[in-house]
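What follows is a single structure, written as structure tokens, with notes after it.
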Amino acid sequence: MADDSEHIQQVFVKINTNNDGKISEDEMAAYVAMYGHDPNMGRKLVRKLDENENGTVELEELVAGFERVLKLTKGVEFENLNSAVNSVWKAGKIPFVVDPSGKSDSFFSYNGNVIDAMGLFVLDKVHKKKTVDEISEEARKIVVASMKHGQPLNFLMRKGAPSIGEHLSPTVFPAELFKAGFGKDLAAFDKIIREVDKQDGPIAPKGLWDDFGSGLVVTTQFAPEDYKEFLLGAWADWPWDNFHEIIIMSEE
């Protein structure tokens with residue numbers, strides 16, 4: 001029960017974005033939207049959980065009705081993935097998609113730019129196809145292309161946990177990429193720009209990166225119960241607070 005209470009409190013803090021100690025209809029609407037649901041379902045949920053009828057949900061009320069919240073947020077159906085990802089970006093977070101089927105990998109690979117983390121950071125290094133500097137530079141080029149064209153960027157991990165720490169650099173492949181708001185940090189963006197990138201004139205983040213501060217989406221094929229353990233083993237400083245987990249529901 002203690003573990004459950006701690007988990008519910010963590011969820012409460014996540015939903016209560018203005019930290020006023022109570023969940024509003026707008027906050028719950030934004031939260032359920034990140035799971036691909038109609039925001040109005042979140043507003044209705046607040047009314048159902050609001051036992052003292054003050055228009056908001058306090059922690060005790062969330063505890064009492066947490067099963068209702070779980071039913072809406074246990075996972076996202078694949079057809080709602082695009083909506084859920086956009087809601088996460090709008091909420092100032094980075095989508096972290098957990099999909100053992102691999103369908104999400106294909107979806108984002110088709111609709112944007114891709115950093116194949118396992119292929120680039122692991123296989124190319126193991127087989128000595130590229131040096132660490134060459135790998136980092138290739139990743140930089142993909143990031144710049146995505147940002148200047150306003151396209152999504154899929155950090156594709158497949159069934160692996162690539163060690164990326166040695167590739168991180170403010171002027172090549174910045175850790176800030178994995179933090180919400182990187183697209184609006186023009187000083188940080190300028191650090192990864194080279195003269196060759198400006199052949200057609202000045203460039204700046206566009207589209208998703210300008211509107212929401214990020215167009216990054218991370219995908220993994222690990223099982224929901226396993227992925228954090230593997231990733232922390234590869235990069236202990238993985239900035240979890242900047243991400244919102246989207247678990248794709250199994251079709252079975």
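Nothing in this text is a laboratory measurement; each read-out follows from the coordinates by a stated rule. What you see is a predicted model; the values in this text were computed from it and never measured. Every residue, glycine as well, gets a Cβ built from its backbone with ideal geometry; the counts of neighbours run over all protein chains shown.
Odds and ends about this structure:
- Taking Pro170, Pro162, Pro100 as the candidate residues, the one with maximal mean-square fluctuation in a Gaussian network model of the chain, Cα springs under 10 Å, is Pro170.
- The chain, helix-only ellipticity at 222 nm - DSSP H runs n ≥ 4, -39,500 (n - 2.57), divided by all residues, nearest 500: -12000 deg cm²/dmol
- Contact order normalised by residue count of the stretch 12-78, Cα under 8 Å, 6+ apart, percent: 29 percent
- Using only alpha-carbon positions in the stretch 8-164, the gyration tensor eigenvalues give semi-axes of 39, 15, 14 Å once each is multiplied by 5 and square-rooted (largest first).
- Computed over the chain with a Gaussian network model linking Cα atoms closer than 10 Å, the most mobile of Gln151, Gln221, Gln199 is Gln199.
- Put a plus charge on the Cβ of each Lys and Arg, a minus charge on the Cβ of each Asp and Glu, and nothing anywhere else: the dipole of the chain about its Cα centre is then about 880 debye.
- Cα centroid separation, the stretch 159-233 to the stretch 9-31 (Å): 27 Å
- Restricting attention to the chain, close to 5% of DSSP beta bridges with both partner residues there are antiparallel.
- Sequence-separation-based contact order of the stretch 93-247, relative, with Cα cut under 8 Å and 6+ spacing, percent: 40 percent
- Springs join every pair of Cα atoms under 10 Å in this Gaussian network model of the chain, and among Ala64, Ala33, Ala84 the largest mean-square fluctuation is at Ala64.
- Whole-percent P(r), the stretch 1-65, all Cα pairs, 10 Å bins from 0: 24, 55, 20, 0.
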